[in-house]
Amino acid sequence: MAGRVQGKVALVTGGASGIGRGCAERLAQEGAVVVVTDVQDHKGAETVEAIAKAGGKASYLHHDVTSEQAWIEVIAKVKAEHGRLDILVNNAGIGLGGSVFEMSLADFQRQQAVNVDGVFLGCKHSIPLMRENGGGSVINMSSVAGLKGAPNLAGYCATKGAVRLFTKAVAMECAADHVRVNSVHPGIIETPIWVTVIPQGGPPGTNAPPDLDAMSQMAVPLGTKGYPEDIANGVLWLASEESRYVTGAELVIDGGLSVR
């Protein structure tokens, strides 16, 4: 099947790498015009270039998702350039591990600002533009950590749990406007975020990132880690008309990790 989001305009935050880049590329492959935003300008440009080389359409904007003014400016640019917004992938996020007794308040608040405030601001400023054109699809990136607790990840779990329930509440507010709002919950996926989640799986006393293959063999029923394209395929489905009757739902893509 091709052209599943043909002619739609999509905004993907944190689209310069990892899951965000995977989502941007997949949506472009299926016909969407993609606006990639991030604070990693060089990688953002690389993502747009890769999409163009593959025959897709994309542009890049520098975007700090914690800034309300930045959101106002980004949405204004999307409206001026494309006249509409059909798909929002609230993907930008950071992962800061550490014991709740050792994490600084500044780090706790910084993680909240990116992972929760960014999603709030994205919905606040993007959905009105979707309403103008009869509806759309918002996909908020949560995590398995938004479904179950994990040691040394209390701060991260707090943010992703917030995204999960925020999504359901906004879905109820927007249903009459034909704006669907759903959350996606990745498990162990090979992305750069693991470099910052230091306490999870690295050798004791080191800052080495965890061994995702070993973690997956131990904890994931399917026995393997996932890749950005695994999440991107779920995002594509939620963005397309194939999921037209789905809102307020949580799509878990984790190889069975959360139900083990």
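Of the residues making up the stretch 147-156, those that are closer than 22 Å to K168 by Cα and either open to solvent by 10 Å² or more (accessible area, probe 1.4 Å) or free of Cβ contacts under 8 Å to residues at least 12 places away in the same chain (or both) number 5. Only one entry in A58, A16, A70, A54 is open to solvent by 70 Å² or more (accessible area, probe 1.4 Å) and either in contact with an Asp or Glu (Cβ under 9 Å, 6 or more places away or on another chain) or modelled with pLDDT under 95 (or both), namely A54.
Quick one: would you say E132 is over 20 Å from R84 (Cβ atoms), charged (D, E, K, R) and either surrounded by 24 or more Cβ atoms within 10 Å (Cβ to Cβ) or out of contact with any Asp or Glu (no Cβ under 9 Å at 6 or more places or on another chain) (or both)?
Numbers: over 20 Å from R84 (Cβ atoms): no; charged (D, E, K, R): yes; either surrounded by 24 or more Cβ atoms within 10 Å (Cβ to Cβ) or out of contact with any Asp or Glu (no Cβ under 9 Å at 6 or more places or on another chain) (or both): yes.
No, not satisfied.
The numbered conditions (1) open to solvent by less than 10 Å² (accessible area, probe 1.4 Å); (2) under 23 Å from A214 (Cβ atoms) are all true for T191 except (1). Assess whether A171 counts as being of a type in the set (A, V, I, L, M), modelled with pLDDT of 95 or more and open to solvent by 10 Å² or more (accessible area, probe 1.4 Å). When the stated conditions are applied, A171 does not pass them. Within the stretch 92-129, the set of residues being open to solvent by 50 Å² or more (accessible area, probe 1.4 Å), within 23 Å of R21 (Cβ to Cβ) and either of a type in the set (D, E) or at pLDDT below 95 (or both) comprises just one member, D117.
Under the condition of being closer than 21 Å to H185 by Cβ and not in a strand (DSSP E or B), the residues counted in the stretch 1-24 number 10.
The values are calculated or read from the model by the stated rules, or taken from the named source; none is laboratory data. Being a predicted model, the structure only gives us computed values, none of them experimental. All Cβ positions, even for glycine, are placed from backbone atoms using ideal geometry, and neighbour counts span all protein chains on display. Surface accessibility is based on the protein's heavy atoms, side chains included, excluding ligands, DNA and RNA. Shrake-Rupley method; radii C 1.70, N 1.55, O 1.52, S 1.80 Å.
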